[in-house]
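The block underneath contains the structure these notes are about, expressed in structure tokens.
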Amino acid sequence: MGETVATICARGGSKGLPGKNLRSLAGKPLIVHSIEQALACDAIDGVYVSTDDEAIAQVARGAGAKVPYLRPAELATDETPKLPVIEHLLAHLERQGHTIDASVDLQPTSPLRAPDDIGNALALLPGVDLVVSVTEPSHNPYYTLCETDAQGHLQLSKAAAFVRRQDAPSVWGLNGSIYVWRRDALPRAIRDGFWRVAVKGYSMPHRRSVDIDDLEDFEYAQWLLLREQGHG
């Protein structure tokens, strides 16, 4: 049987919040939260970080992750898609002799997930190509989300005649926290597109779905973590 590995992709550059991957969140660098969560999940056989930044690499190694190389510059630009970065890391591990059945990509800017979230998402993988973490959005495209038409008028994103919000179909928003890939599905998704593989959702509550993009997100995540620790 092959391995299940966790991948954490963390560039040194960040425009929204410079240096955020090493910024101290509730007493530890942001990226360390994701590393520790992966290490605490029994279903994970190894935790690997892909970064172009030596400072991030040193912190990651100190937290118990493996950093097999510094990511090449062509895979570390603002325009670089995420999936080729993961494929680059997995292919490197396979050249080193690893046999990988599944990979769990953890976004370092989503520090409020729990180790159980990782294990529960992994448990959903049989029968599909990809499991993504989702949360119930505050706005429903059948009821409240609007788009501007050619005349400049607002129209519902998904036209329907629901009178009550409760009557509209359930919808989900990707929270970016967890992506569980069947190994052989990743190249197909790179070639054909993310939504061309069979995808299942793993639901997470709002409080564990914060995605840090700017200082306001960071401060909110810190407040939530400190409250959980009894400091808020």
Which whole-number percentage describes the relative contact order of the chain, with Cα contacts under 8 Å and a sequence gap of 6 or more?
23 percent
Karplus-derived 3J(HN,Hα) from phi for segment 60-71 (6.51 cos²θ - 1.76 cosθ + 1.60, θ = phi - 60°), whole Hz, x at Gly and Pro, runs 4, 4, x, 8, x, 7, 9, 10, x, 6, 8, 4
Lysine pairs in the chain with Cα distance under 24 Å, only those 8 or more apart or on different chains: how many are there?
9
With +1 on the Cβ of every Lys and Arg and -1 on the Cβ of every Asp and Glu, and nothing else charged, how large is the dipole of the chain about its Cα centre, in debye rounded to the nearest 20?
200 debye
Could you sort 61-67, 142-148 so that the peptide with the highest average Cβ count within 10 Å comes first and the rest follow in order?
61-67, 142-148
Cα centroid separation, segment 206-232 to segment 1-24 (Å):
18 Å
Estimated dipole of segment 19-121 in Debye, rounded to 20 [Cβ of Lys and Arg +1, of Asp and Glu -1, Cα centre]
360 debye
Taking amide H positions as placed 1.01 Å from N in the peptide plane, with prolines and chain starts having none, which residues 5 or more places from Ser50, or on another chain, fall under 5 Å of its amide H?
Ile8, Cys9, Ala10
Under the Karplus curve 6.51 cos²θ - 1.76 cosθ + 1.60, θ = phi - 60°, whole-Hz ³J(HN,Hα) for segment 170-176, x wherever Gly or Pro sits:
5, 10, 9, x, 5, 9, x
When the Cα centres of segment 134-195 and segment 81-120 are compared, how far apart do they sit, in Å?
24 Å
Highest mean first, what order results for 200-210, 174-184 on Cβ atoms within 10 Å?
174-184, 200-210
May I ask you to give the average projected area over all directions of the convex hull of the Cα atoms of the chain, in nm² rounded to one decimal?
15.4 nm²
Residues meeting the amide H criterion for Tyr202 (H placed from the backbone, H to H distance under 5 Å, 5 or more places apart or on another chain) are Val132, Ser133, Val134
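Just so you know, all these numbers are worked out from the coordinates, no wet-lab data involved. No experiment lies behind these values; they were computed from the predicted model shown. Neighbour counts run over all protein chains shown; Cβ positions are idealised from the backbone, glycine included.
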